[in-house]
Amino acid sequence: MSSDKPLQLLGGLTAQQFLRDYWQKKPLLVRQAFTDFENPISPDELAGLALEEEIESRIVVEHGEHPWELRRGPFTEDTFATLPEKDWTLLVQAVDQFVPEVSALLEPFRFLPTWRIDDVMISYAAPGGGVGPHFDHYDVFLLQGHGKRTWRVGQMCNAESPLLEHADLRILADFQETEAWTLEPGDMLYLPPRLAHFGTAVDDCMTYSVGFRAPSASEVLTHFTDFLSQFIPDDERYSDADIQPVSDPNQIQHDALARLKDLLAQHMGDDRLLLTWFGQFMTEPRYAERVAGTELSEEDLLDALGDGAVMVRNPSARLAWSEMGSELMLFASGQSRLLPGTLRGLLQLVCSADALHQTNLAPWLADDEAVTLLSQLVLQGSLGFADE
Ligand code: SIN
Ligand code: CO
């Protein structure tokens with residue numbers, strides 16, 4: 001995607017200007033980021049999703065059993081029938097995985113790496129509804145889908161920012177408003193991580209949150225070292241063949257630290273393993289049980305494509321690719337595959353195309369490695385056949 005074109009999504013800024021001046025730094029309000037915005041899912045359909053067992057949903061009731069009461073889904077029709085007239089919000093996570101028209105909203109965000117995108121969460125709020133003043137650890141684009149919502153933004157927060165004493169939600173005890181805007185359908189507000197914000201529904205309204213993900217430093221360290229440790233033999237130990245006689249046997253000498261740092265650097269500095277771990281970690285699906293495949297021989301795959309079958313990415317799968325020396329790595333839903341550099345075009349196609357068929361796959365169908373890869377992705381569940 002060209003980064004020097006003014007984008008309507010960014011209020012006429014280029015991707016480059018937005019990333020330089022706003023991304024991870026300060027909020028940006030864009031009026032009519034989507035013109036003539038058509039709400040892709042109705043409040044009733046959203047409530048329907050919240051009844052489903054496998055879909056994460058929450059309801060926040062401002063004046064519930066206690067202030068800012070959090071209820072977790074799945075809900076029943078009864079839940080909705082007994083909610084108050086106002087001051088509550090329903091939030092449904094990862095609707096992009098269930099509704100293709102919601103997933104399509106992500107298209108204009110492709111100037112950012114797909115593996116940084118978490119999901120599209122949708123909230124429906126009755127008048128006055130909101131989830132309280134809070135901050136998130138992630139970037140978010142808040143797109144107004146239906147009705148009006150007022151967003152107030154405040155101070156930058158951190159782990160020390162005082163919170164209300166409350167078991168369920170992380171509500172800020174002290175919200176210092178700096179700006180406020182009322183958003184209408186098609187308007188969008190970008191918020192950087194840790195910026196205090198507080199949305200309140202003016203009338204009944206829906207907001208689409210395009211949320212990003214960034215692992216915490218502590219997650220990176222624990223998960224990467226866990227992954228690394230599988231490859232380190234038990235006989236590899238702290239060693240000090242160069243040790244000198246010590247003057248005080250009870251002191252830990254600093255040369256021990258130097259040896260430990262060497263040991264850590266040897267492993268932590270392994271780019272191949274770091275990339276392998278990171279790609280696997282970042283493509284781990286949110287709903288692993290939705291990424292289940294079917295056995296399909298390469299011959300049957302070719303026959304199906306020849307008969308006009310169309311393959312699509314599983315909406316619950318996550319895919320990414322990278323270079324590893326002269327070879328390539330494909331990461332698919334938590335797994336990695338080392339592949340020859342000749343498959344670059346296929347990896348790009350698999351990660352980006354809306355559909356895979358005889359025509360766009362034509363350059364690859366006589367390549368054994370390419371066909372094996374496609375059938376493995378079907379077996380793994382990252383690719384599947386579109387319904388007729
Ligand atoms: C909402 O849509 O009501 C909540 C989104 C947020 O503040 O993160
Ligand atoms: Co938030």
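The values are calculated or read from the model by the stated rules, or taken from the named source; none is laboratory data. Values in this document were obtained by computation on a predicted structure and should not be read as measured data. Because the Cβ atoms are built from the backbone with ideal geometry, glycine has one as well, and the counts that use them run over all protein chains shown. Ligands, DNA and RNA are stripped out before the accessible areas are found, and what is left, the full protein with its side chains, is counted by its heavy atoms. Shrake-Rupley method; radii C 1.70, N 1.55, O 1.52, S 1.80 Å.
Hey, among Asp78, Asp96, Asp87, Asp118, which residue is crowded, with 21+ Cβ neighbours inside 10 Å and among the acidic types (Asp, Glu)?
None of the other options fit; the residue is Asp96.
Within the set of pairs 6 or more residues apart or between chains, which connect a residue that is closer than 17 Å to Leu105 by Cβ inside the stretch 4-19 to a residue that is in a helix (DSSP H, G or I) with Cβ atoms less than 6 Å apart?
Correct list of pairs: Leu9/Pro108; Leu10/Phe18.
Any chance you could count how many residues in the stretch 144-156 are closer than 12 Å to Leu191 by Cβ and more than 9 Å from ligand 1 (Cβ to nearest atom)?
4
For the stretch 204-216, state whether one or more residues are more than 16 Å from ligand 2 (Cβ to nearest atom) and either more than 26 Å from Arg116 (Cα to Cα) or open to solvent by 70 Å² or more (accessible area, probe 1.4 Å) (or both).
Yes, the stretch 204-216 contains a residue that is more than 16 Å from ligand 2 (Cβ to nearest atom) and either more than 26 Å from Arg116 (Cα to Cα) or open to solvent by 70 Å² or more (accessible area, probe 1.4 Å) (or both).
Restricting attention to the stretch 99-115, and to residues there that are among the β-branched types (Val, Ile, Thr) and open to solvent by less than 60 Å² (accessible area, probe 1.4 Å), which single residue is nearest to Gln16 (Cα to Cα)?
Once the filter is applied, the top-ranked residue is Val102.
Within the stretch 19-63, track down each residue that is among the small types (Gly, Ala, Ser) and buried (at least 17 other Cβ atoms within 10 Å of the Cβ). Let's see the steps before the verdict.
Filtering the stretch 19-63 down to residues among the small types (Gly, Ala, Ser) leaves 33, 42, 47-48, 50, 57.
Correct list: Ala33, Ala47, Ala50, Ser57.
Please verify whether Val30 is of a type in the set (Val, Ile, Thr) and free of Cβ contacts under 8 Å to residues at least 60 places away in the same chain, treating the condition exactly as stated. Reasoning before the result, please.
Details: of a type in the set (Val, Ile, Thr): yes; free of Cβ contacts under 8 Å to residues at least 60 places away in the same chain: no.
It is false that Val30 is of a type in the set (Val, Ile, Thr) and free of Cβ contacts under 8 Å to residues at least 60 places away in the same chain.
Take residues that are within 22 Å of Glu107 (Cβ to Cβ) and open to solvent by 30 Å² or more (accessible area, probe 1.4 Å) and tell me which of the strands (runs of 3 or more DSSP E) falling wholly in the stretch 300-388 contain 1 or more.
Hits in the stretch 300-388: 311-313, 319-324.
So is Ala47 on the phi < 0 side of the Ramachandran plot, within 16 Å of the chain's Cα centre (by Cα) and more than 14 Å from ligand 1 (Cβ to nearest atom) or not?
Values: on the phi < 0 side of the Ramachandran plot: yes; within 16 Å of the chain's Cα centre (by Cα): no; more than 14 Å from ligand 1 (Cβ to nearest atom): yes.
Against the criterion (on the phi < 0 side of the Ramachandran plot, within 16 Å of the chain's Cα centre (by Cα) and more than 14 Å from ligand 1 (Cβ to nearest atom)), Ala47 does not qualify.
Give the stretch 21-68 a look and list any residue that's in a loop (DSSP other than H, G, I, E, B) and either among the aromatic types (Phe, Trp, Tyr) or not assigned by TED's automatic domain parsing to the domain that holds Leu112 (or both), or say none.
Tyr22, Trp23, Phe34, Phe37
Given (1) under 30 Å from Val99 (Cβ atoms); (2) touching an Asp or Glu at 6+ places or on another chain (Cβ under 7 Å); (3) touching a residue at least 60 places away in the same chain (Cβ under 8 Å), where does Val371 come up short, assuming only one miss?
All conditions are met except number (1).
Across the stretch 236-252, which residue is least open to solvent (accessible area, probe 1.4 Å) among those that are under 45 Å from the mean Cα position of the chain (by Cα) and more than 20 Å from Thr225 (Cβ to Cβ)?
Checked the stretch 236-252; the qualifying residue least open to solvent (accessible area, probe 1.4 Å) is Asp240.
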